[in-house]
Structures are given as structure tokens and as C-alpha cells.
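Chemist: Below is the structure I would like to discuss, written out as C-alpha cells.
We did not get these values from a lab; they are worked out from the coordinates using the rules stated. These numbers come from a predicted model, not from an experiment. Because the Cβ atoms are built from the backbone with ideal geometry, glycine has one as well, and the counts that use them run over all protein chains shown.
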Amino acid sequence: MPSVPPDRLASDPKSPFHDAAALERGVGIIFKGVEKTNVDEYCVSEGWVRLVVGKAVGRNGLPLTMKVQGKVVPYFRDLPRPDAEG
């Protein structure tokens, strides 16, 4: 298994960026220096995350999300957490 998560990962199984093996292993996200637990999708190279907003769902049944720009540092939870600042 690689020690670095994929550049882009989505939790939606319909997405082409969904990777069940990586999600099963457990991926943590540090966004702008803060650990985020409500990340639905991320892209390191483009510098954005899609965060779940509340408990509301759209008409297709998926949670409502908000795309936010900033520094993204993904890591596998079974490895030591990286020191990521701002």
C-alpha cells in the first residue's frame, strides 16, 4: 500500500475519483492547518475541499456541500499525522 493518499479523492461511489480501498484504510484531511472531519471530496493539486454543510440534502439525496479553496494535506490515519501549518 502507498504511504501517500491519492491527489484527489471523493466519498461518493458514483464519482470517478472514488477509491474504496483508500477510504477503507482511513484518510484524514488537514485543511488550512485544521483537522476537518466533514470533507466529502478533496483535490491537493488544485487546492480545494468540498465540505458537507449541515444535515440538509439536495433533491438527488446527496448532502449539500460547499467548495472552499486553501492548502490541503491528506494523510492515512494508520500513519503518523503530518505537521501541516496554515
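Chemist: Quick one: putting +1 on the C-beta of Lys and Arg, -1 on the C-beta of Asp and Glu, what dipole do you get for the stretch 8-76 around its Cα centre, in Debye to the nearest 20?
Modeler: 220
Chemist: Starting from the Kirkwood radius over alpha-carbon pairs of the stretch 8-76, derive D by Stokes-Einstein at 37 °C in a medium of 0.692 mPa s and give it in µm² s⁻¹.
Modeler: It diffuses with D of about 265 µm²/s by this estimate.
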